[in-house]
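Novice: Sharing a structure here in C-alpha cells format.
The values are calculated or read from the model by the stated rules, or taken from the named source; none is laboratory data. All values reported here derive from a predicted model rather than from experimental measurement. Virtual Cβ from ideal backbone geometry, glycine too; neighbours counted across all protein chains shown.
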Amino acid sequence: MTSAPAPRPPQSMRLIPTTGNRSAERTTLEGRLVQPDYVLLGVWDCDMARWDEFDDQGKRYQILFVQEKRSYETKGEVLYLGPV
C-alpha cells in the first residue's frame, strides 16, 4: 500500500503556458504520451520533482519532467489535469 506524499510548504513559482512553444512529448504517471501545457518556473533550490501534483486556483496539475540544470532556476514541464 502506498501513502500520499506529505504536503510541502507553499512556494512561489510561475506557471507559464506553452502556447506556440511546444516541447517534446512526455509520459504521464499513468503511461500516456502528452504534450505539456505549461512550464513551471521556480528558484534554483525550490522543491520540485517529477510526478508532483499541485492545485492552483481550483485547477489540478502534474509535473511531467524537471530539467536537471538548476544553476539559477528550476524548470518543470506541467500537464493540466482538470478542476480540483
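Novice: So in segment 59-84, with the set limited to residues that are among the hydrophobic types (A, V, I, L, M, F, W, C) and at pLDDT 95 or above, which one is surrounded by the fewest Cβ atoms within 10 Å (Cβ to Cβ)?
Specialist: The selected residue is LEU81.
Novice: Okay, moving on. Where the second residue is aromatic (Phe, Trp, Tyr) and the first is without any contact (Cβ under 8 Å) to a residue 12 or more places away in the chain and lies in segment 45-66, which pairs have Cβ atoms under 7 Å and are six or more apart or on separate chains?
Specialist: From residues that are without any contact (Cβ under 8 Å) to a residue 12 or more places away in the chain, the pairs are PHE54/TYR61.
Novice: Select from segment 42-78 the residues that are in contact with an Asp or Glu (Cβ under 8 Å, 6 or more places away or on another chain) and farther than 22 Å from ALA6 by Cα and list them in ascending order.
Specialist: Residue satisfying the conditions is ARG70 alone.
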